[in-house]
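Participant: Below you will find the structure I want to go over with you.
The values are calculated or read from the model by the stated rules, or taken from the named source; none is laboratory data. Source: prediction; values computed, not measured. Here the Cβ positions follow ideal geometry from the backbone for every residue, glycine too, while neighbour counts run over all protein chains shown. Heavy atoms of the whole protein, side chains included, go into the accessibility calculation; ligands, DNA and RNA do not. Shrake-Rupley method; radii C 1.70, N 1.55, O 1.52, S 1.80 Å.
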Amino acid sequence: MTTILAIESSCDETSAAVCSNGKILSNITANQTVHEKYGGVVPELASRAHIQNIVPVVDMALSSISYSLSSIDAFAFTQSPGLIGSLLVGSQFAKSLSLALDKPLIAVHHMQAHVLANLIDDPRPDFPFLCLTVSGGHTQIVICESPTKMKVIGETIDDAAGEAFDKSAKLLGLPYPGGPLIDNYAQQGNGERFHFPEPQIPELNFSFSGLKTSILYFLQNAGKSHVYKEEKIATTQEQSKFIDENLPDLCASIQQRIVSILLNKLKKASIETGIKDICIAGGVSANRGLRKAFEEMGRKYHWRTFIPAFEYCTDNAAMIAITAFYKYLEKDFADLSVTASARARW
Ligand code: KG4
Ligand code: ZN
């Protein structure tokens, strides 16, 4: 029996999980609300909150299953990518435990872990499978040939899908992170009401910055009633009134476009590779519009579709633990000179 304690601290969630032979026993996450009023994650505040949260979170991951540190065989942590100050808290903590208890250390790539969240529960995809990973920092299509062998075959050339949600929400006056709020309002809205353009990007890559600009221009003209220098523009009050009166339809239309951009590329990837076991992962895979459209597309094209449980979609240490388990089997250990890194290829 191999028992691993894993820590995730790449952005604004402090999380710790325990897994035994690939089975998740506990997964505790502390969210940081301090960023809400700033419209995005403030790196210094995130690092400080991680420092405050890490001891109680690790303690709860162990005590909730009546385990102690002495039952742990290896310590894992998110090495990259992420906010460097945030990553340093988790990496130093895991390194200290590994040194003090003389147990192996395992460094995990956050994006690899998002993909492997699909191996936590049954049913699991067969290898090779495709995974669309959509988070606040990344949008990638990956071919996963084994738990430790993956290749990125498409990615965003500008904003990530999560950023597209969050920035659109900000334009609508919603607080950060706006993705879940757009999801909520979209439930009551009509996604066909407003039309935002789909960018024509080559191969399997994505772009979301044009969508943000088109929403901005659209809102500048929304509810306009007066003419200024021969041009019609809406006053701030007219824009706010228009947003208030049309929020569900606006959210549903924005969400529908983001989802179609994502799924059209995923469909292309499946046709090009011939792979029909297909997963989604990352924070945006919690989006109800994406989940539903993904499953509908799967039925239409005879895919086997996989979506991690909600708690394994957004940042969590369970996905770090499962990835570390496969690295443990290959004895892929890090030494104490390993450092956290804001960016790293994998
Ligand atoms: O994977 P994640 O928790 O953190 C990163 O690694 O970035 O993803 C966070 C992103 C945020 O942009 C958030 O707005 C988005 O995931 N998100 C959602 C939903 N839940 C989280 N976007 C749309 N609908 C949701 N339900
Ligand atoms: Zn993430």
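Participant: Quick check on my filter: what residues within segment 177-196 are in contact with an Asp or Glu (Cβ under 8 Å, 6 or more places away or on another chain) and within 16 Å of ligand 2 (Cβ to nearest atom)?
Facilitator: Passing the criteria: P177, G179.
Participant: Have a look at F93, F127 and point out the one that is surrounded by fewer than 18 Cβ atoms within 10 Å (Cβ to Cβ), aromatic (F, W, Y), at negative phi and more than 16 Å from ligand 2 (Cβ to nearest atom).
Facilitator: Working: F93 fails: surrounded by fewer than 18 Cβ atoms within 10 Å (Cβ to Cβ).
After ruling out the rest, the residue left standing is F127.
Participant: Also, I was wondering about something else. Can you tell me which residues in segment 63-86 are assigned to a loop (DSSP other than H, G, I, E, B), in contact with a strand residue (DSSP E or B) (Cβ under 8 Å, 6 or more places away or on another chain) and hydrophobic (A, V, I, L, M, F, W, C)?
Facilitator: Within segment 63-86, I65, I72 meet the criteria.
Participant: Go through segment 144-183 and count every residue that is open to solvent by 30 Å² or more (accessible area, probe 1.4 Å), away from ligand 1 (no atom under 11 Å from the Cβ) and touching a Pro at 6+ places or on another chain (Cβ under 7 Å).
Facilitator: Within segment 144-183, residues that are open to solvent by 30 Å² or more (accessible area, probe 1.4 Å), away from ligand 1 (no atom under 11 Å from the Cβ) and touching a Pro at 6+ places or on another chain (Cβ under 7 Å) number 1.
Participant: Condition first: within 15 Å of ligand 1 (Cβ to nearest atom), closer than 13 Å to V338 by Cα and not small (G, A, S). Now tell me which residues in segment 83-131 satisfy that.
Facilitator: Correct list: L87, V108, H109.
Participant: Now for a separate question. So which helices (runs of 4 or more DSSP H) stay within segment 229-346 end to end and still have 2 or more residues that are within 19 Å of V142 (Cβ to Cβ) and within 16 Å of ligand 2 (Cβ to nearest atom)? Talk me through it step by step, then tell me what you get.
Facilitator: Working: elements: 236-273, 288-301, 317-329.
Counting at least 2 such residues, we get 317-329.
Participant: Being in a strand (DSSP E or B) and within 15 Å of ligand 1 (Cβ to nearest atom) is the filter here; which residues of segment 18-32 pass it? Walk me through it before giving the result.
Facilitator: To start, the set of residues in segment 18-32 that are in a strand (DSSP E or B) comprises 18-20, 23-31.
Across segment 18-32, the qualifying residues are N27, T29, A30, N31.
Participant: Within segment 133-192, which residues are among the acidic types (D, E) and in a strand (DSSP E or B)? Walk me through it before giving the result.
Facilitator: Within segment 133-192, the subset among the acidic types (D, E) is 145, 155, 158-159, 163, 166, 183, 192.
E145, E155 - these are the residues of segment 133-192 that are among the acidic types (D, E) and in a strand (DSSP E or B).
Participant: Right, something else. Can you tell me which residue in segment 293-346 is modelled with the lowest pLDDT, limited to those that are crowded, with 23+ Cβ neighbours inside 10 Å and of a type in the set (G, A, S)?
Facilitator: A340
Participant: If you go through segment 33-62 one residue at a time, how many are in a loop (DSSP other than H, G, I, E, B) and open to solvent by 70 Å² or more (accessible area, probe 1.4 Å)? Break it down into steps so the answer makes sense when it comes.
Facilitator: The initial filter retains those residues of segment 33-62 that are in a loop (DSSP other than H, G, I, E, B), namely 33-35, 39-42.
In the following step, the residues that additionally are open to solvent by 70 Å² or more (accessible area, probe 1.4 Å) were identified as 33.
Of the residues in that region, 1 qualify.
Participant: Which condition does G39 not pass, out of (1) more than 16 Å from ligand 1 (Cβ to nearest atom); (2) within 21 Å of the chain's Cα centre (by Cα); (3) on the phi > 0 side of the Ramachandran plot, if it passes all the others?
Facilitator: Failed condition: (1).
Participant: Might you check whether a residue that is within 16 Å of ligand 2 (Cβ to nearest atom) and more than 25 Å from N31 (Cβ to Cβ) occurs anywhere in segment 143-152? Explain how you work it out, then say what you get.
Facilitator: Let us first name the residues in segment 143-152 that are within 16 Å of ligand 2 (Cβ to nearest atom), namely 150, 152.
After this cut, where a residue has to be more than 25 Å from N31 (Cβ to Cβ) as well, the list is 150, 152.
Within segment 143-152 (the criterion being within 16 Å of ligand 2 (Cβ to nearest atom) and more than 25 Å from N31 (Cβ to Cβ)), the answer is yes, since at least one residue qualifies.
Participant: Restricting segment 18-48 to residues that are among the aliphatic types (A, V, I, L, M) and out of contact with any Ser or Thr (no Cβ under 7 Å at 6 or more places or on another chain), which is modelled with the lowest pLDDT? If you could, list the steps in order and put the result at the bottom.
Facilitator: Applying the first criterion (among the aliphatic types (A, V, I, L, M)) to segment 18-48 yields 18, 24-25, 28, 30, 34, 41-42, 45-46.
In the following step, the residues that additionally are out of contact with any Ser or Thr (no Cβ under 7 Å at 6 or more places or on another chain) were identified as 24-25, 34, 41-42, 45.
Working: I24: 98, L25: 98, V34: 79, V41: 82, V42: 84, L45: 91.
Within segment 18-48, the match that is modelled with the lowest pLDDT is V34.
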